Amino acid sequence: MKALFDGLEMGIKEKFAKIKLLCLDFDGTLTDRGVYVGEDNLESVKCDRADGLGLEFVRKYCGIDVVILSRETNKVVATRAKKLKIPCTHGLNDKLGNFLEEIKSRNLMKFVLSEMI
């Protein structure tokens, strides 16, 4: 993966350097939006292993922090996040509020506001 990063054009590297945080939902972002339900009412989802490679790339080589914020209460969210080594908060009622807390806790509010103006 380092060779991939080293092969990127400088302009692309500079764009990556401006990104400080990638905040993801789980369902439909790290899954194919489908859900499998067994006779025992247990739910399963399908994840793509390539997502893990991409997220490792942005964390390790681009220096971008990644977090998962999800309304979903299924344990699979935390299990997948742990495997990907990504901090995760799930079972949320207020994703926007939690997103803003993530930004504030990382002192990124000034970056968000400057991009909005």
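Would you point out the residue of the stretch 29-41, among those that are surrounded by 11 or more Cβ atoms within 10 Å (Cβ to Cβ) and without any contact (Cβ under 8 Å) to a residue 12 or more places away in the chain, that is farthest from LEU69 (Cα to Cα)?
Here is the first cut: in the stretch 29-41, the residues surrounded by 11 or more Cβ atoms within 10 Å (Cβ to Cβ) are 29-32, 35.
Going one step further and asking which of them are without any contact (Cβ under 8 Å) to a residue 12 or more places away in the chain, we end up with 29, 35.
Details: THR29: 11, VAL35: 19 Å.
Here the residue is VAL35.
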Query - Residues of the stretch 48-62 satisfying the condition of being in a loop (DSSP other than H, G, I, E, B) and either surrounded by 12 or more Cβ atoms within 10 Å (Cβ to Cβ) or modelled with pLDDT of 90 or more (or both) - result: TYR61, CYS62
Report summary line: Restricting attention to the stretch 1-34, the residues that are within 15 Å of GLY54 (Cβ to Cβ), aliphatic (A, V, I, L, M) and modelled with pLDDT under 85 number exactly 4
Query raised in the report: Do you know which residues across the stretch 63-78 are assigned to a helix (DSSP H, G or I) and either in contact with a helix residue (DSSP H, G or I) (Cβ under 7 Å, 6 or more places away or on another chain) or not β-branched (Val, Ile, Thr) (or both)?
Result: LYS75, ALA78
Query raised in the report: Is it the case that the stretch 99-115 has a residue that's in contact with a strand residue (DSSP E or B) (Cβ under 7 Å, 6 or more places away or on another chain), without any contact (Cβ under 8 Å) to a residue 40 or more places away in the chain and not hydroxyl-bearing (Ser, Thr, Tyr)?
Result: no
Query raised in the report: Mind checking which pairs have a first residue in the stretch 1-16 that is in contact (Cβ under 8 Å) with a residue 24 or more places away in the chain and a second that is part of a loop (DSSP other than H, G, I, E, B), Cβ under 6 Å, 6 or more apart or different chains?
Result: PHE5/TYR61; PHE16/CYS62
Report task. Return the residue satisfying two criteria in turn: it lies in the stretch 79-117 and is hydrophobic (A, V, I, L, M, F, W, C), at pLDDT below 90 and part of a loop (DSSP other than H, G, I, E, B), and of such residues it is farthest from the chain's Cα centre (by Cα). Result -> ILE117
Report task. Restricting attention to the stretch 1-44, report how many residues are part of a loop (DSSP other than H, G, I, E, B), in contact with a helix residue (DSSP H, G or I) (Cβ under 9 Å, 6 or more places away or on another chain), more than 14 Å from GLU72 (Cβ to Cβ) and not basic (Lys, Arg). Result -> 3
Report task. Would you mind finding the one in VAL45, VAL67, VAL76, VAL37 that is modelled with pLDDT of 90 or more, over 30 Å from ASP6 (Cα atoms) and among the aliphatic types (A, V, I, L, M)? Result -> VAL37
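The values are calculated or read from the model by the stated rules, or taken from the named source; none is laboratory data. Not measured: the values here are computed from a predicted model. Reconstructed Cβ throughout: ideal geometry from the backbone, glycine too, with neighbour counts over all protein chains shown.
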